Structure formats: structure tokens, C-alpha cells
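The structure under discussion appears below in the form of C-alpha cells.
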There are 4 protein chains.
Amino acid sequence: MFVLVNLKTYPCDPLEVAAAVRDVDEETDARIAVAPQAAHLERVAETGAETWAQHVDPIDYGSNTGHTLAETVADAGADGTLINHSEQRLKLADIDGAVRAAQRADLETIVCANNPAQIGAAAALGPDAVAVEPPELIGTGTPVSQADPDIVEDAVDAAANVDDDVDVLCGAGISTGDDVVAASDLGAEGVLLASGVAKADDPRAALEDLVDPL
Amino acid sequence: MFVLVNLKTYPCDPLEVAAAVRDVDEETDARIAVAPQAAHLERVAETGAETWAQHVDPIDYGSNTGHTLAETVADAGADGTLINHSEQRLKLADIDGAVRAAQRADLETIVCANNPAQIGAAAALGPDAVAVEPPELIGTGTPVSQADPDIVEDAVDAAANVDDDVDVLCGAGISTGDDVVAASDLGAEGVLLASGVAKADDPRAALEDLVDPL
Amino acid sequence: MFVLVNLKTYPCDPLEVAAAVRDVDEETDARIAVAPQAAHLERVAETGAETWAQHVDPIDYGSNTGHTLAETVADAGADGTLINHSEQRLKLADIDGAVRAAQRADLETIVCANNPAQIGAAAALGPDAVAVEPPELIGTGTPVSQADPDIVEDAVDAAANVDDDVDVLCGAGISTGDDVVAASDLGAEGVLLASGVAKADDPRAALEDLVDPL
Amino acid sequence: MFVLVNLKTYPCDPLEVAAAVRDVDEETDARIAVAPQAAHLERVAETGAETWAQHVDPIDYGSNTGHTLAETVADAGADGTLINHSEQRLKLADIDGAVRAAQRADLETIVCANNPAQIGAAAALGPDAVAVEPPELIGTGTPVSQADPDIVEDAVDAAANVDDDVDVLCGAGISTGDDVVAASDLGAEGVLLASGVAKADDPRAALEDLVDPL
């Protein structure tokens, strides 16, 4: 299982979470990565944790102000990037452009979407993975694997119908190891997490609990 | 072949074009429809021409100001709607929402996109049809079927890979009957047109020329 | 006082509300107008009620699909248009462009904004009027003139500081004649209303109650 | 005069330009700063050059993915931020929110706009400065002070009419010391630059030429 910890713009210490991500990743079979804010990418990558960007723009080198360039993110040490997170929804043409930009910079890509139909659409753009996150469950503590297990299975089917090579992750409300196991049982290859780890008093303990049942 | 004439915000007489659409549709085997501005829908539909909306928003009845509601468009006489035209690009989640809104109001749907990858994505959302329009050719007078025939064939393949029931149209630069025949030969079930008819001195003659070789 | 009834995409009968607006406008000193959806503009204007658009785009005649052209709105019978309603927020450059487009088509303009600082900004663009509507009060039934009277007075001051010729309206939560009087006492030249009239069982009675204390 | 060098997403070495900015700032009376991409902020600030962000989002700590938080930008060493650059146009409400976010993090603010009317609007939001940049001149090498001097003087008047404490800068096409002097003569307190320095073979020499006539 792939566990990606999205730090959003939480008031957490990105280096503390990154160190926990690095250490727990080494101790277990799970693959764990952390997605800090753009301004923190370089320092987070220097911890040795697998580092992801939260977003890249559908642009190339040139006259773009306030944008996130895939090459810059990769140079800062990112191995991959989220695209179209529910808090950063993009136009279809721009998701396509962002996937192309990320591929150009050798970044792995996860395109997020709300439901199985959109997951099929995201898969058709050829990213490495897609992630289904029902917006109404984000931040609730109620895991998608429990609140709406069909949505995960249907997302797995929708992606497979379009492109067998695209992995499916799920997110929203995941905070325990049981949630991760349930996601895996439903066919997900990974999970997106945020507050459950980033806002934990002890991020390392939170991560260990998450991957322990795997 | 389905020929959809998009009037955009051109300074044309929508009723004159609508009358031509209605008459040429009756004279030929082609299915011809016209997409006027929202404020013109009702009068255009009253001509008896098949009438389409240029856009609907991903909304329901309620607190939305300045939006286009699918039910209102249908009540005004529209049979279908374009979604995500290159001049009205939407977020992926909103294309999905607009397709759902249109289906709720029994409107036929054509989702536009730039390239085969995006056509696959659009087809995954389950519209009645998708339309590939390379943005760089729109308004040029150079038809996509001539400038880049592969893009039409690849779009047909991309849609079929996702959902065999989704028709594929093409647009951009189409202005002659040969262009329409070429589009059909490449596998397209229809074409999107705009200035070639809407800005013609004689819209009826322009339409007759377009469908004559079919 | 100017009373503008925004029909949004409510499931109301626009012609019934328009008839009430026309009749009550004639019976009283207040100026009353109605803002229907774009597809209803023409039929609403034919009732004889003063008719406004809910939105116009910052565009000219040309290649724009799914947009609302100021000239089309004016041809359909609109006398004015809302711009930047809280449900249709625009980029600063596009508010400027929409005001210019409306002026080109001889439409009266009301630019909406959230707070006194934004009201000053809106006034600097030279519309006929601005309207302050705190988003948190819209649809609540708690009038801005009661929940936060300072915001109306501060908005009047902010507009006057920039351009004395720009009228100030207020909106959000206004549903009784006392609310309208309170708004007037705070310096507002008019009010924006929506559900209080549009969703009333008897729109005419609701309007009469509103303007009765004036 | 304040000279702000925007590195956009140019393929330049941000540390080389930052070192030039730092050194030329020390050698002259002009105040010079550099605005790198978010992922470069920390390393650029460590050079000792005055460092600015290219953009901040109208958000607070919390659930925001792929956004730029003012506090993070300030912690990384930024002293100020551009807002609403023509390549990053924002909704009016979001410009207001971004100015508030920047002020909360003690960042200096420059709000960009296209023309004098929008400059007045920007000034009404209470930033430290506004910058007028006619979009049609950006990247042309034709300075606004020469192509359209009235726009600079009108922008200075528009800002002064709203708030005397708001400085006015200008940008677009500025590449020589004469352009900077001309801007100053028209009433501008500073200039925005980009390619003229960022893409120069010798950024230090380019900067020295720029400030030499001051």
C-alpha cells in the first residue's frame, strides 16, 4: 500500500512529519510519502522522506507568475505530485496539461476526483494513479471505505475499464489502520491522508498505527 | 451526420439562421441543429429548428445568480446542450455536474475537448456524444479533418475504448461539404460549425453546400 | 428607494413575479425591478416590468460560447444588470470589462461586493451603483441593516470617498418593509431582494408589504 | 525608486539573480528586490537579497491543498508579495482576501492591475502599493512610460483619489535606465521588471544599467 500524507496548509512542523514518514517507511512494507507546501519542498526532501508536491500547473518555463512549475518541484526534490485535489479543482484541459507537465519533469502523478465517473475520466488522461475522495467525507473522520465502500469498488472498476495500468487510491476520512486495510480489501492500492497524521500530537505514532495492520 | 451550428455571440440574426437550419434539415438526410445564446433560445425554438443550448451550469434550482439552469433551457425549447466548449472550459467536476444536470432535464449532451486523451476523459462521464476541437484550428478555416486527420481517428478510438455508446463529433475550421465528408470518413458522427454558417451572407446556401455531398 | 428582485434560478413563475413588480411599481413611489434568468429576459420584459439581467460577461460580439453578451441582454429588453453577485464572483479585470460592456449597451450597472473595502473598489470602476451584501447573511432572513448596520454605513462612506455619483444599495436577508426603511435610514438608495419575494406564496402581497412603509 | 525583479517561471538561476539584486541594492540608492517561485523563496532569501513572493492565496492555516499561505511565505523569508499579477488574475473578493492574508503575515503588498480604473479599485483595498501594467505591453520591450505615458499619470491620479498613502508602480516593457527615469518622472515610485534582468546574460550588469541614471 502507498500512504501519501498531505500536509495542506496545516500549522504543523513539516520536518517532524517528514522524519516520521521517512522512518516508518523504512520500518514497514508500506510505501509512505509526504506532500508539503511548495515553499517547504526542498527542506522536506532533504530529510530523506519521499516527497510529493500538492499541485503543479499546466505550464512550461516562461511568463507565469505565482505558478508551480513541474521542473522546479522536481528540482526541489519531489518524486511526484497530486493533481486536481478537491481543494484545487482544475479544468479538464488543465488536468491534462498538468499531467503532461509532470511527466515531462519525471514526476509520478495522482489525479484526484470525486466519484467513479470522474475517476474514469481521470484515468483516461494517463496518470500513474487516480484517487477517489468523496468531498463530503473529507476531514470528517468517517472513512470512505466504511461510509461508502461501493464508491471505492466502483472507482477501481471505472479506472480498470479505461486503463488497467492506472492504480486507484482512496481518501477522505481515513485515520486508522483498519481504514487502510479496508481500503486495500476494496481494491485500492493506496490511501491519501491528511489531518489524521499531520495534526496528530505524535505523527510517528499515528503513522505506525496506520501501517501496523498491513 | 449531425451538423450543429453554434451561433456564439456573433452579430447574426438567430432567426434567419434558425429558419435555414429548419428548412435544410427537412430537405436532407442530415440532422441539423442550431445553438443560439440563452436569451434567444425561446424565439429560436419557436421557428421549429432543432435548438441546442451553448452551455448549462452544474447546478439545480436554487440560489444561483447569472447561471444557466438545464431545466430552464429545456423549458425554453432546447433539445440538447454543448458542455465544456473551448470558449467555456469547465473543471472536471463541473463537466460531470453539467452532464448530470442536462440528463436530469432530458437534454442531449455533447462534451467538447481538445485532444484524444481529453475525449476519452469526456466519454467516461457518460454524455451522449463528445466533440474534438483542436483549439489552434478554431476559426481558422482550416478543417481539422485536413490539418490533423489523426486527431479525429484517435478521438474515435479513445471514446470507443471507454464507452462504445458515445458518439464522436469533430469541429474547428469546418466550412465546406468536403470537410463534412472527410470528417465522416474519419469516423465522426457529426460536426460542430460556427462562423462558416453563422457569418455567411446566405446561411441557407452555406448549409446546403455543407450537406450537399452527404 | 430602488427595490431589485433577483429571481436567481428559483423554481418560481417569472411572469407572475414580473406582473407583481410592474403593478406595485406603478402603485408606489418606490422603483421596483426584476432580474430573471437570461432565457426568461424577453418574456419578462414583455410584461412591462422593469427588467434587469443577473450578469453580463466582459465580452464583445464574437467567438464566445455560453456567454452573456450585454447587447443581447439589452435587445431582449433589460434596462440594467447585476455584476459580480456573490454567486457569480468575477476577477477584478472582468468586473471592469463587464461594466464597460454594459455601458456600451446602455445598461445600468450595479456591482455587488462583500464589504466596505470591496465596495470602494467597485465604486472606483465607475458603475451606476454598488451593492453591499455580506455573504454570510444571504438567504438567512436576518437583514444586514439589523445584523450589521455598520457595514451599510461604512459602505456608503467607502463609495462616497471614491466617487460621489455612485449609489449604494444593500442586500442579504431583507424581507420586510422595516428592513427596507432601516436600509434607507443607513444611507442606502435601494435594496437587493430574492427569496423574500420570489419564493413568496403571493409575490404581490410580499412586495406591497415591502414598500408600504416607505 | 523601488525595483522589483519578477523571476516568473523563467529558466534562470534564481541565486545568481538574487546575488546581483543584493549587491546592486547595496551599491545604489534604489531599493531592489527579487520575486522567485515559491519553492525557491527560502534559498533566495538566504542570499540576503530582499525577497518577495509572486502570489499569496486568500486563505488561512487549514485545509487548502496546492495553495500559497502568506505565513509560510513570510517564514521562508519573504518581505512582501505581488497580488493579482496579470498572469495570476484573481476575483475581487480574493484580492481583498489576499491583501488581508498578507497583512496578517506582515508582508508588504503590491496589487497589480491593467488600467487606471482598476488601479483605483486596487487602491481601495488598502495595499501598500499598486502597479499598473497594461497587458498588451508585457514582454514587448516597449516601456509603458513611452508607449502610453498617460496611463501611468492617470494611475497615479486614480490611486491618489482613493488613498494618498498607496504608492504607484508601473511595469511592462521596462528594460533600460531611461525607462526607469521616465517612470519616476511620471509619478511612479517604482517599477516591476522581469525578462530584462531575469533573462539577461549578465543580470548584475543589467541591474546596474537600470539604476545608473537614478
Query raised in the report: Each residue of the range B:125-134 in turn: what ³J(HN,Hα) in whole Hz from Karplus with 6.51, -1.76, 1.60 and θ = phi - 60°, glycine and Pro shown as x?
Result: 8, x, x, 6, 8, 10, 9, 8, 9, x
Query raised in the report: Of the listed peptides A:170-179, A:137-146, what is their order by residue-averaged count of other C-beta atoms within 10 Å, with the highest listed first?
Result: A:170-179, A:137-146
Report task. Starting at the first residue of the range B:196-208, write each ³J(HN,Hα) from the Karplus equation 6.51 cos²θ - 1.76 cosθ + 1.60 with θ = phi - 60°, in whole Hz, x for Gly and Pro. Result -> x, 9, 5, 9, 5, 4, 10, x, 5, 5, 4, 5, 4
Report summary line: Rh (Kirkwood, all Cα-Cα pairs) for the range D:117-214, Å, reads 13.4
Query raised in the report: Considering only DSSP beta bridges whose two residues both sit in the protein assembly as shown, what percent are antiparallel, to the nearest 5?
Result: 5
**Report entry** Counting DSSP beta bridges with both ends in the range C:43-161, the antiparallel % (nearest 5)
**Finding:** 0
Query raised in the report: Just from its helices, what would the mean residue ellipticity at 222 nm be for chain C, if runs of 4 or more DSSP H residues each count -39500 (n - 2.57) and the sum is divided by every residue, rounded to the nearest 500 deg cm²/dmol?
Result: -11000 deg cm²/dmol
Requested in this report: Within the set of other residues whose C-beta is less than 11 Å from the C-beta of residue B:169, count the net charge using Lys and Arg as +1 and Asp and Glu as -1.
Outcome: -4
Query raised in the report: Roughly speaking, to the nearest percent, how much of the range D:139-214's 1.4 Å accessible area is carbon and sulfur?
Result: 35
Query raised in the report: Rounded if a/c is under 1.5, else prolate if a/b beats b/c, else oblate: with a ≥ b ≥ c from the C-alpha gyration tensor eigenvalues square-rooted, which is chain A?
Result: oblate
Requested in this report: Would you please give the residues with an amide H less than 5 Å from that of residue B:59, counting only those at least 5 places away or on a separate chain, with H modeled from the backbone geometry?
Outcome: B:70
Query raised in the report: If the cut-off is a Cα-Cα distance under 12 Å, which aspartates and glutamates reach residue C:8, setting aside same-chain residues fewer than 8 apart in sequence?
Result: B:60, C:87
Requested in this report: List the relative contact order of chain D as a percent without decimals, with contacts defined as Cα pairs under 8 Å and 6+ residues apart.
Outcome: 19
Report task. Between the label point of residue D:135 and that of the same position in each other copy, find the distances and list them shortest first in nm, with every label point placed 7 Å from Cα along the Cα-to-C-beta direction. Result -> 1.3, 2.3, 2.6
Query raised in the report: Rounded if a/c is under 1.5, else prolate if a/b is larger than b/c, else oblate: which is the range B:24-117, with a ≥ b ≥ c the root eigenvalues of its Cα gyration tensor?
Result: oblate
Query raised in the report: Sequence-distant or interchain residues sharing an amide H contact under 5 Å with residue B:141, placed H: which?
Result: B:173
Query raised in the report: What shape does the protein assembly as shown take by its C-alpha gyration tensor, where a ≥ b ≥ c are the square roots of the eigenvalues and a/c under 1.5 counts as rounded, a/b above b/c as prolate, and the rest as oblate?
Result: rounded
Requested in this report: Please report, in debye to the nearest 20, how large the charge dipole of the protein assembly as shown is about its Cα centre when each Lys and Arg carries +1 at its beta carbon and each Asp and Glu carries -1 there.
Outcome: 0
Report summary line: Here the correct list, in nm and shortest first, of distances from residue A:208 to the same site in the other copies, label points 7 Å along Cα→Cβ, is 5.9, 7.6, 8.5
Query raised in the report: Under 5 Å between amide H atoms, partner at least 5 residues away or on a different chain: which partners does residue C:3 have, H built in plane at 1.01 Å?
Result: C:31, C:32, C:33, C:191
Report summary line: Computed for chain C: size of charge dipole around the Cα centre, +1 on C-beta of each Lys and Arg, -1 on C-beta of each Asp and Glu, debye to nearest 20, value 820
Report task. Work out the length of the dipole vector of the range A:91-214 about its Cα centre, built from +1 on the beta-carbon of each Lys and Arg and -1 on the beta-carbon of each Asp and Glu, and round it to the nearest 20 debye. Result -> 540
Report summary line: Ordering D:40-52, A:116-128, B:52-64 by per-residue average of other C-beta atoms within 10 angstrom, highest first, gives A:116-128, D:40-52, B:52-64
Report task. Take the rotation relating chain B to chain C, measure from its axis to every Cβ in chain B, and name the nearest residue with the distance in whole Å. Result -> B:38, 2
Report summary line: Residue-ordered couplings for the range B:43-48, obtained by feeding phi - 60° into the Karplus form 6.51 cos²θ - 1.76 cosθ + 1.60 and rounding to whole Hz (Gly and Pro as x), are 5, 5, 4, 5, 6, x
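The values are calculated or read from the model by the stated rules, or taken from the named source; none is laboratory data. It should be emphasised that the depicted structure is a prediction, and the values quoted were computed from it without experimental measurement. Cβ sites come from the backbone with ideal geometry, for glycine too, and all protein chains shown count toward neighbours. Remember, those area values only see protein heavy atoms, side chains included, never the ligands or the DNA or RNA. Shrake-Rupley method; radii C 1.70, N 1.55, O 1.52, S 1.80 Å.
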